[in-house]
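Below is one structure; the comments refer to it alone.
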Ligand code: GLU
C-alpha cells in the first residue's frame, strides 16, 4: 500500500496483516475478531463558552478488545481527533497491554477541540460533560481512561471527580489513571512513558543489536515533541549522558550540535510557550528535525511523521517510537532497507500504561507505593518485554529464513505484534466464543 493519505486504521490493518503472516498459534480463525473494535461510542454535546456563546463538541470512546480485562487507554484533546484515528489507537492499546502482560484490554478516546484556544474553565466543562455522556461505559472494571495528547493530571482529576459525583459511596479512584498524587495518582506515572522509552533503548543498545551504537553515553539524540513524553525523555536521556542535539514543539524546532541546555529550554518554553528562539540554538522546522544528523531519533508527538517521503533522508541509527504510530508501513520498509533500526511504539511507549496499571492496583488497595518500587517494577517489565521481542524476532528469522515477506520487512514491530496477537488469540480460544 502506498503512503499517500494512508489513514491510522489502514496502518493498523497493514501491520496486523504483517504479523498474522508469522502467527502459528493454530487459532487463525480467531484473528478476524481482532480486526474490528468491539464498541464505538460517538457523542455530541453543548458547552457554554466563557463569552456566553454555546458550542457543540464531538467526542469518541472506542473499546477495541477486552479479552484480557477492562478497556484501558488515553483521552486526547486535539483538533484532528477523528474516529478512524481513535479506533487505530484503541487497537494499539490492545497490543501494548498484551505485549506487556497487563490485564487490560485496549481503548482510546478523544474530543475534537483546540485545547490551546480554550480556557481552563472551558476545558473543565468539556471534560465533565464528555465523561458524563459516557456514563457507565467507563468504570474501574469496565474502561479506564488516562492522559494522552493535550490532556494531563488536571484533566484526569476532573474525570475522577465527575465519575465520583455520579457514583457516590464507592472507592472510585481506580476509574482513571494519571491523576495528581494527592488524588491517588502513582509516584512516577508522569515520567513513566519516557522512563520506559529510555529503559528499552538502553536494553537494545546493551544487547549489541544496534551495531554503530555501543552506549547511550555520548550518543546524539533528537526528540520531536516537548509534551508529556518528549520533555521528560530529553531529561532522562541527558541524565544517561546523551547529548540532546535537537528538540521541537508544534511551532518548530531548535538544534545545537554541542547539546541543548535543558534547564534553559524548559524555562524558555514555560515563559514563551515555545522552544523556538532559545538563545544559542539554530531554528529548524519539524521536518528538519527528523532528518537531522543524530544517533537516536525519538518521534514523541503526532502519528505519521516518518513516511515514504522522508524515510530515505533519515540519518539516525535507530528510531525510538515514543509517539503512537509515528512511522508508516512504507517507511518501515525503506528504513529496514537502509539498515536503520526501529524500536516499535507498542513496546517503547508502554511504560505509561504499565505504571497506569500500577496506579490502578494501588487505588484498589488504597495504598501508595514508593517511587523506587514503581520504577524498579517498570524497568523489570520493560526489559522483559524487550527481551521477549528480541527473542521472537530472532526465532522468526531462523524459522522462516528464505521465506521473507517481499513487501514488508520482518522487523521488531512485526515481532512485537506477533507476540501480542498470538497471546490474545490463544486466550480468546481458551475463554471460548460466547455463548
Ligand atoms: N495514553 C498513553 C498511551 O497511549 C497511556 C495509556 C494509559 O496509561 O492507559 O499509551
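Among the residues of segment 39-89, count how many are over 20 Å from residue 158 (Cα atoms), assigned to a loop (DSSP other than H, G, I, E, B) and in contact with a strand residue (DSSP E or B) (Cβ under 7 Å, 6 or more places away or on another chain).
Counting residues in segment 39-89 that are over 20 Å from residue 158 (Cα atoms), assigned to a loop (DSSP other than H, G, I, E, B) and in contact with a strand residue (DSSP E or B) (Cβ under 7 Å, 6 or more places away or on another chain) gives 7.
Being surrounded by fewer than 21 Cβ atoms within 10 Å (Cβ to Cβ) and within 25 Å of residue 229 (Cβ to Cβ) is the filter; apply it to segment 135-157 and report the residue that is nearest to the chain's Cα centre (by Cα).
152
Yes or no: residue 149 within 15 Å of the ligand (Cβ to nearest atom), assigned to a loop (DSSP other than H, G, I, E, B), touching a residue at least 12 places away in the same chain (Cβ under 8 Å) and in contact with a strand residue (DSSP E or B) (Cβ under 8 Å, 6 or more places away or on another chain)?
Taking the combined requirement at face value, the residue satisfies it.
Any residue at all in segment 209-230 that's part of a helix (DSSP H, G or I), within 23 Å of residue 153 (Cα to Cα), out of contact with any strand residue (DSSP E or B) (no Cβ under 9 Å at 6 or more places or on another chain) and modelled with pLDDT of 95 or more?
Within segment 209-230, none of the residues are part of a helix (DSSP H, G or I), within 23 Å of residue 153 (Cα to Cα), out of contact with any strand residue (DSSP E or B) (no Cβ under 9 Å at 6 or more places or on another chain) and modelled with pLDDT of 95 or more.
Please find, within segment 175-189, the residue that is nearest to the chain's Cα centre (by Cα) out of those that are assigned to a helix (DSSP H, G or I) and under 16 Å from residue 75 (Cβ atoms).
Among those that are assigned to a helix (DSSP H, G or I) and under 16 Å from residue 75 (Cβ atoms), it is 189.
Results for (1) modelled with pLDDT of 95 or more; (2) closer than 12 Å to residue 100 by Cα, shown as yes or no for each residue.
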| position | (1), (2) |
| --- | --- |
| 374 | yes, no |
| 378 | yes, yes |
| 383 | yes, yes |
| 387 | yes, yes |
| 390 | yes, no |
| 394 | yes, no |
| 397 | no, no |
| 401 | no, no |
| 430 | no, no |
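In segment 94-125, which residues are in a helix (DSSP H, G or I), more than 16 Å from the ligand (Cβ to nearest atom) and within 23 Å of the chain's Cα centre (by Cα)?
Selection gives 116, 123.
Considering 181, 216, which residue is more than 15 Å from the ligand (Cβ to nearest atom) and buried (at least 17 other Cβ atoms within 10 Å of the Cβ)?
It is 216.
Could you check segment 5-37 and list, in sequence order, the residues that are assigned to a loop (DSSP other than H, G, I, E, B) and within 24 Å of residue 80 (Cβ to Cβ)?
5, 6, 7, 36, 37
Going through segment 74-93 one residue at a time, which ones are over 24 Å from residue 124 (Cβ atoms), within 14 Å of the ligand (Cβ to nearest atom) and free of Cβ contacts under 8 Å to residues at least 60 places away in the same chain?
Hit for segment 74-93 is 90, nothing else.
It is to be established whether one or more residues within segment 285-297 are part of a loop (DSSP other than H, G, I, E, B), at positive phi and touching a helix residue (DSSP H, G or I) at 6+ places or on another chain (Cβ under 9 Å).
The answer is no; no qualifying residue exists.
Could you please find all residues in segment 266-284 being assigned to a strand (DSSP E or B) and under 18 Å from residue 301 (Cα atoms)?
Listed by number, the list holds a single entry, 284.
Filter segment 252-265 down to the residues that are surrounded by fewer than 16 Cβ atoms within 10 Å (Cβ to Cβ) and either in contact (Cβ under 8 Å) with a residue 12 or more places away in the chain or assigned to a loop (DSSP other than H, G, I, E, B) (or both) and list them by number.
257, 258, 259, 264
Quick check on my filter: what residues within segment 328-368 are in a loop (DSSP other than H, G, I, E, B) and surrounded by fewer than 18 Cβ atoms within 10 Å (Cβ to Cβ)?
338, 339, 366, 367, 368
The values are calculated or read from the model by the stated rules, or taken from the named source; none is laboratory data. Everything quoted here is computed from the prediction, not taken from an experiment. Cβ coordinates were reconstructed from backbone atoms using ideal geometry, including for glycine residues, and neighbour counts include every protein chain displayed.
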